[in-house]
Amino acid sequence: MEKASRISTGAVKIFKIANRRGYAALCRNNLTEGSTPLQAYERMRKALKRCGGELPDISRELAERLVRARV
């Protein structure tokens, strides 16, 4: 079994989706959506885990600081 590659939190781009409720996370050709930045990040963790990547746990405050801009 292959070891999961570690991915930094800085590689994940979280942004507010214009004209919609919620946030999206983008990392390594994966796109996830969630109603909060933390939910979008947690869904990204799950998507990357399926692809062989691993993201660390983060707090709600850190997830909100990762939000880039409105797109």
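The string of couplings for segment 49-64 from the Karplus curve (6.51, -1.76, 1.60, θ = phi - 60°) is 4, 5, 8, x, x, 9, 9, x, 5, 9, 8, 5, 5, 5, 4, 5 Hz, one whole number per residue in order, with x for Gly and Pro. Over the chain, DSSP H runs of length four or greater, each weighted -39,500 (n - 2.57), average out per residue to a 222 nm ellipticity of -8500 deg cm²/dmol.
For a quick check: sort Cys27, Cys51 by the number of other beta carbons within 10 angstrom, fewest at the front.
With the sparsest Cβ surroundings first, the list reads Cys51, Cys27.
Kindly provide the pair-distance distribution of segment 5-70 built from C-alpha pairs, with 10 Å bins from 0 and whole-percent values in order of increasing distance. Calculated over all Cα pairs of segment 5-70, the distribution is 24, 59, 16, 1 percent.
Antiparallel versus total DSSP beta bridges in the chain: what percent is that, nearest 5? Percent antiparallel among DSSP bridges in the chain is about 70. With the cut-off at under 20 Å, measuring from each backbone N in segment 44-59 to a point 7 Å along the Cα-to-Cβ line of Asn29 picks out 44-55. Largest GNM mean-square fluctuation among Arg20, Arg45, Arg60, using the chain with Cα springs under 10 Å: Arg20.
Modelled this way, with points 7 Å down the Cα-to-C-beta line, the labels at Ala69 and Arg50 are 3.0 nm from one another. Annotation for Arg20 and Leu62: the two label points, set 7 Å from Cα along the Cα-Cβ direction, are 2.6 nm apart. The dipole here belongs to the chain: it is taken about the Cα centre, uses +1 on the Cβ of Lys and Arg and -1 on the Cβ of Asp and Glu, and is about 220 debye.
Each reported figure results from applying straightforward, stated rules to the coordinates on display, with no laboratory input. The structure presented is a predicted model; accordingly, all values stated were derived computationally and were not measured. Backbone-built Cβ (ideal geometry, glycine too); neighbour counts: all protein chains shown.
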